[in-house]
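The values are calculated or read from the model by the stated rules, or taken from the named source; none is laboratory data. Given the structure is predicted, the values throughout are model-derived calculations rather than measurements. Backbone-built Cβ (ideal geometry, glycine too); neighbour counts: all protein chains shown. Side chains are part of the model used for accessible areas, which takes the heavy atoms of the whole protein and leaves out ligands, DNA and RNA. Shrake-Rupley method; radii C 1.70, N 1.55, O 1.52, S 1.80 Å.
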Amino acid sequence: MRIPDWIVLFAVLGIVLWALFSGARDSADAPEAPPTEIFSESGKALPLANAFDEEILVQIGEAADGIGTAFSIDQKGLWMTARHVVDSCENVGLLYGGGRVMPVTEVSTSEDSDIAILKTLRAPRSLAIDASENLRLNQAGFHVGYPQGEPGEVSSRLLARSRLITRGRYRNEEPVLTWAEMGRTRGLKGTLAGISGGPVFDVDGRIVGVTVAESPRRGRIYTTAPESLAIALNANEVTSSSTTGMKFGTGTYGQEADRLRRELSVVKVICHAPSTQK
(Lines give C-alpha, C1' and ligand atoms only; values in the text may rest on other atoms or scores of the structure.)
Protein backbone atom coordinates (compact mmCIF):
# COMPACT_ATOMS: atom_id res chain seq x y z
CA MET A 1 0.00 0.00 0.00
CA ARG A 2 1.36 3.39 -1.01
CA ILE A 3 1.74 5.94 1.82
CA PRO A 4 0.12 9.29 0.91
CA ASP A 5 2.58 12.08 0.13
CA TRP A 6 1.07 14.39 2.75
CA ILE A 7 1.85 11.89 5.54
CA VAL A 8 5.49 11.69 4.44
CA LEU A 9 5.70 15.47 4.25
CA PHE A 10 4.37 15.99 7.76
CA ALA A 11 6.63 13.27 9.16
CA VAL A 12 9.72 14.91 7.70
CA LEU A 13 8.57 18.35 8.88
CA GLY A 14 8.03 17.00 12.40
CA ILE A 15 11.56 15.57 12.54
CA VAL A 16 13.09 18.86 11.35
CA LEU A 17 11.13 20.94 13.90
CA TRP A 18 12.06 18.55 16.71
CA ALA A 19 15.74 18.78 15.83
CA LEU A 20 15.65 22.57 15.68
CA PHE A 21 13.83 23.16 18.95
CA SER A 22 15.60 20.46 20.95
CA GLY A 23 18.95 21.92 19.83
CA ALA A 24 17.82 25.42 20.80
CA ARG A 25 16.99 24.28 24.32
CA ASP A 26 20.36 22.54 24.74
CA SER A 27 22.33 25.62 23.69
CA ALA A 28 20.05 28.39 24.95
CA ASP A 29 22.72 29.80 27.24
CA ALA A 30 25.63 29.36 24.83
CA PRO A 31 26.99 32.07 22.54
CA GLU A 32 26.24 31.81 18.87
CA ALA A 33 29.03 30.09 16.98
CA PRO A 34 31.24 32.42 14.94
CA PRO A 35 31.63 31.73 11.22
CA THR A 36 34.16 29.04 10.39
CA GLU A 37 36.22 31.58 8.43
CA ILE A 38 37.44 32.92 11.76
CA PHE A 39 39.78 29.94 12.03
CA SER A 40 41.17 30.08 8.48
CA GLU A 41 44.44 31.80 9.28
CA SER A 42 46.13 33.59 6.42
CA GLY A 43 49.54 32.32 7.45
CA LYS A 44 50.94 35.84 7.47
CA ALA A 45 52.53 37.16 10.63
CA LEU A 46 51.05 40.33 12.09
CA PRO A 47 53.28 43.23 10.99
CA LEU A 48 55.17 45.18 13.63
CA ALA A 49 53.88 48.60 14.71
CA ASN A 50 54.77 51.39 12.31
CA ALA A 51 54.03 55.05 11.56
CA PHE A 52 51.24 54.15 9.12
CA ASP A 53 49.08 52.30 11.66
CA GLU A 54 45.54 53.63 12.04
CA GLU A 55 45.08 56.06 14.95
CA ILE A 56 42.15 55.62 17.32
CA LEU A 57 41.20 58.58 19.54
CA VAL A 58 39.54 57.81 22.89
CA GLN A 59 38.27 60.48 25.28
CA ILE A 60 38.43 59.49 28.95
CA GLY A 61 35.92 61.40 31.09
CA GLU A 62 36.14 62.28 34.76
CA ALA A 63 36.23 59.43 37.26
CA ALA A 64 32.74 58.08 37.98
CA ASP A 65 31.20 55.08 39.70
CA GLY A 66 31.36 52.19 37.26
CA ILE A 67 32.23 48.59 36.55
CA GLY A 68 34.75 46.69 34.48
CA THR A 69 36.47 43.30 34.33
CA ALA A 70 39.68 41.95 35.88
CA PHE A 71 41.50 38.62 35.72
CA SER A 72 43.97 36.85 38.01
CA ILE A 73 47.64 36.79 37.05
CA ASP A 74 49.28 35.62 40.29
CA GLN A 75 47.97 33.47 43.17
CA LYS A 76 49.61 35.84 45.65
CA GLY A 77 46.77 38.28 44.96
CA LEU A 78 47.55 40.14 41.73
CA TRP A 79 44.98 40.95 39.06
CA MET A 80 45.13 42.78 35.74
CA THR A 81 42.54 45.18 34.32
CA ALA A 82 42.35 48.31 32.16
CA ARG A 83 43.78 51.51 33.57
CA HIS A 84 40.76 53.63 32.61
CA VAL A 85 38.49 51.34 34.68
CA VAL A 86 40.22 52.07 37.99
CA ASP A 87 42.26 55.25 37.46
CA SER A 88 41.31 58.05 39.91
CA CYS A 89 38.83 55.83 41.79
CA GLU A 90 38.56 56.43 45.54
CA ASN A 91 37.85 52.77 46.27
CA VAL A 92 38.20 49.68 44.09
CA GLY A 93 36.76 46.24 44.81
CA LEU A 94 36.32 42.87 43.10
CA LEU A 95 32.81 41.45 43.11
CA TYR A 96 32.57 37.68 43.50
CA GLY A 97 30.14 34.93 44.59
CA GLY A 98 27.03 35.94 46.51
CA GLY A 99 27.48 39.65 45.95
CA ARG A 100 30.55 39.79 48.19
CA VAL A 101 33.25 42.37 47.54
CA MET A 102 36.98 41.75 47.93
CA PRO A 103 38.71 45.07 48.67
CA VAL A 104 41.65 46.05 46.48
CA THR A 105 44.52 47.16 48.72
CA GLU A 106 46.70 48.68 46.01
CA VAL A 107 46.25 49.96 42.45
CA SER A 108 49.29 50.32 40.19
CA THR A 109 48.62 51.99 36.83
CA SER A 110 50.91 51.91 33.82
CA GLU A 111 52.21 55.19 32.45
CA ASP A 112 52.63 53.72 28.97
CA SER A 113 49.50 51.65 28.38
CA ASP A 114 45.89 51.12 29.43
CA ILE A 115 46.86 48.50 31.99
CA ALA A 116 46.51 48.47 35.78
CA ILE A 117 47.58 45.90 38.35
CA LEU A 118 45.35 45.34 41.37
CA LYS A 119 46.52 43.80 44.64
CA THR A 120 44.28 41.81 46.98
CA LEU A 121 44.84 39.36 49.80
CA ARG A 122 44.42 36.34 47.53
CA ALA A 123 43.60 35.21 44.00
CA PRO A 124 42.78 31.89 42.28
CA ARG A 125 45.03 30.16 39.76
CA SER A 126 47.29 32.24 37.55
CA LEU A 127 46.05 32.46 33.98
CA ALA A 128 48.58 31.91 31.21
CA ILE A 129 49.68 35.03 29.33
CA ASP A 130 51.47 35.02 25.99
CA ALA A 131 53.35 38.32 25.71
CA SER A 132 55.31 37.25 22.64
CA GLU A 133 54.91 38.68 19.15
CA ASN A 134 53.80 35.36 17.63
CA LEU A 135 50.54 36.72 16.27
CA ARG A 136 49.00 36.06 12.87
CA LEU A 137 46.50 37.97 10.83
CA ASN A 138 42.99 36.55 11.05
CA GLN A 139 43.71 34.44 14.12
CA ALA A 140 40.81 33.89 16.52
CA GLY A 141 40.33 35.86 19.72
CA PHE A 142 37.81 35.36 22.55
CA HIS A 143 36.98 38.27 24.87
CA VAL A 144 35.61 37.35 28.32
CA GLY A 145 34.09 39.59 30.97
CA TYR A 146 31.01 41.49 32.03
CA PRO A 147 29.64 43.53 29.12
CA GLN A 148 26.88 45.85 30.39
CA GLY A 149 27.55 44.41 33.84
CA GLU A 150 26.39 40.91 32.90
CA PRO A 151 28.39 37.74 32.14
CA GLY A 152 29.21 37.64 28.44
CA GLU A 153 31.82 36.92 25.78
CA VAL A 154 32.67 37.90 22.23
CA SER A 155 34.53 36.10 19.46
CA SER A 156 36.72 38.01 17.02
CA ARG A 157 39.51 37.77 14.47
CA LEU A 158 42.74 39.74 14.43
CA LEU A 159 42.84 42.44 11.76
CA ALA A 160 45.79 44.73 12.34
CA ARG A 161 47.76 46.93 14.68
CA SER A 162 46.57 50.44 15.54
CA ARG A 163 47.68 53.30 17.75
CA LEU A 164 45.40 54.28 20.62
CA ILE A 165 45.50 57.96 21.55
CA THR A 166 43.96 58.73 24.94
CA ARG A 167 42.87 62.20 25.93
CA GLY A 168 40.88 63.61 28.83
CA ARG A 169 41.49 62.46 32.39
CA TYR A 170 44.97 61.40 31.36
CA ARG A 171 46.95 61.47 28.12
CA ASN A 172 48.71 58.56 26.52
CA GLU A 173 49.61 56.93 23.20
CA GLU A 174 50.20 53.22 22.80
CA PRO A 175 50.20 50.42 20.21
CA VAL A 176 47.11 48.19 20.32
CA LEU A 177 45.66 45.22 18.45
CA THR A 178 42.52 45.64 16.33
CA TRP A 179 39.99 42.79 16.24
CA ALA A 180 36.83 42.39 14.12
CA GLU A 181 33.86 41.13 16.09
CA MET A 182 32.49 37.84 14.73
CA GLY A 183 29.97 36.68 17.34
CA ARG A 184 28.76 37.35 20.86
CA THR A 185 26.63 35.96 23.68
CA ARG A 186 23.06 35.42 22.52
CA GLY A 187 20.88 38.33 23.61
CA LEU A 188 23.77 40.77 24.08
CA LYS A 189 23.09 43.83 21.96
CA GLY A 190 24.65 47.26 21.77
CA THR A 191 27.76 48.39 23.62
CA LEU A 192 30.28 46.07 25.25
CA ALA A 193 30.90 48.58 28.07
CA GLY A 194 31.91 46.65 31.18
CA ILE A 195 34.10 44.13 29.35
CA SER A 196 36.98 46.65 29.52
CA GLY A 197 39.85 45.16 31.48
CA GLY A 198 38.87 41.63 30.51
CA PRO A 199 41.24 39.17 28.82
CA VAL A 200 41.27 38.12 25.16
CA PHE A 201 42.30 34.49 24.68
CA ASP A 202 43.73 32.64 21.71
CA VAL A 203 42.50 29.15 20.75
CA ASP A 204 45.01 27.55 23.16
CA GLY A 205 43.64 29.45 26.17
CA ARG A 206 46.51 31.93 26.45
CA ILE A 207 45.83 35.61 27.12
CA VAL A 208 47.21 37.82 24.34
CA GLY A 209 45.77 41.17 25.40
CA VAL A 210 43.51 43.23 27.64
CA THR A 211 40.29 44.60 26.14
CA VAL A 212 40.45 48.41 26.38
CA ALA A 213 38.14 49.99 23.76
CA GLU A 214 35.52 49.33 21.11
CA SER A 215 34.05 50.95 18.01
CA PRO A 216 30.46 49.60 17.84
CA ARG A 217 29.70 51.28 14.53
CA ARG A 218 32.63 49.53 12.85
CA GLY A 219 32.41 46.28 14.82
CA ARG A 220 35.95 46.70 16.14
CA ILE A 221 37.48 45.77 19.51
CA TYR A 222 40.88 47.04 20.67
CA THR A 223 43.22 45.28 23.07
CA THR A 224 46.64 46.05 24.50
CA ALA A 225 49.66 44.94 22.50
CA PRO A 226 51.94 42.08 23.64
CA GLU A 227 54.77 44.49 24.50
CA SER A 228 52.49 46.29 26.95
CA LEU A 229 51.67 42.98 28.65
CA ALA A 230 55.37 42.12 28.92
CA ILE A 231 56.24 45.49 30.49
CA ALA A 232 53.43 45.20 33.05
CA LEU A 233 54.40 41.65 34.02
CA ASN A 234 58.09 42.51 34.36
CA ALA A 235 57.36 45.63 36.40
CA ASN A 236 55.40 43.55 38.91
CA GLU A 237 57.78 40.57 38.82
CA VAL A 238 55.09 38.20 37.60
CA THR A 239 56.03 35.01 35.78
CA SER A 240 53.10 33.84 33.72
CA SER A 241 51.87 30.27 33.89
CA SER A 242 52.68 28.19 30.81
CA THR A 243 49.79 25.72 31.11
CA THR A 244 46.17 26.59 30.41
CA GLY A 245 44.01 23.50 30.52
CA MET A 246 41.62 25.32 28.20
CA LYS A 247 40.68 25.21 24.54
CA PHE A 248 38.68 28.02 22.98
CA GLY A 249 36.80 27.30 19.79
CA THR A 250 33.51 27.55 17.94
CA GLY A 251 31.65 25.26 20.33
CA THR A 252 33.59 25.80 23.54
CA TYR A 253 34.25 29.49 24.14
CA GLY A 254 30.99 30.02 26.01
CA GLN A 255 31.60 27.11 28.38
CA GLU A 256 35.23 28.09 28.98
CA ALA A 257 34.20 31.69 29.74
CA ASP A 258 31.57 30.47 32.21
CA ARG A 259 34.17 28.26 33.89
CA LEU A 260 36.58 31.17 34.28
CA ARG A 261 33.92 33.31 35.94
CA ARG A 262 32.73 30.41 38.09
CA GLU A 263 36.29 29.75 39.31
CA LEU A 264 36.66 33.52 39.99
CA SER A 265 39.62 33.81 37.63
CA VAL A 266 37.66 36.52 35.77
CA VAL A 267 35.67 38.85 38.01
CA LYS A 268 33.78 42.13 37.98
CA VAL A 269 35.61 45.29 39.09
CA ILE A 270 33.75 48.03 40.95
CA CYS A 271 34.99 51.62 41.00
CA HIS A 272 33.75 54.11 43.57
CA ALA A 273 34.66 57.61 42.44
CA PRO A 274 35.63 60.42 44.82
CA SER A 275 32.78 62.60 46.04
CA THR A 276 32.47 65.93 44.22
CA GLN A 277 33.41 68.80 46.50
CA LYS A 278 31.40 71.99 46.00
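Points worth noting:
- Calculated FRET efficiency for the pair S275/A230, C-beta based, R₀ 35 Å, to 0.05: 0.40
- Within a straight-line Cα-Cα reach of under 20 Å, K268 can be paired with the following lysines, leaving aside sequence neighbours fewer than 8 residues apart in one chain: K76, K119, K189.
- For the stretch 60-127, applying the loop criterion from DSSP together with a ceiling of 11 other beta carbons within 10 Å to the GluC sites (Glu not before Pro) yields E62, E90, E111.
- Between K44 and K76, the distance separating the two model label sites (each 7 Å from Cα on the Cα→Cβ line) works out to 4.3 nm.
- Prolate/oblate/rounded call for the stretch 143-278, Cα gyration tensor, a/c under 1.5 rounded: rounded
- Fully extending the segment from E133 to R262 would add 43.4 nm, taking 0.36 nm per residue of separation and subtracting the current Cα-Cα distance.
- Fraction of accessible area attributable to carbon and sulfur, the stretch 55-272 (%, probe 1.4 Å): 48 percent
- Anisotropy class of the stretch 81-129 from Cα gyration tensor, a/c 1.5 cut: oblate
- In the full protein context, the stretch 133-278 carries 41 Å² of accessible surface per residue, based on a 1.4 Å probe and ignoring ligands, DNA and RNA.
- The GluC sites (Glu not before Pro) of the stretch 155-215 include none that DSSP puts in a loop with a beta carbon having at most 11 other beta carbons within 10 Å.
- Segment R218-E237, extension gain: residue separation times 0.36 nm, minus the distance between their alpha carbons: 3.1 nm
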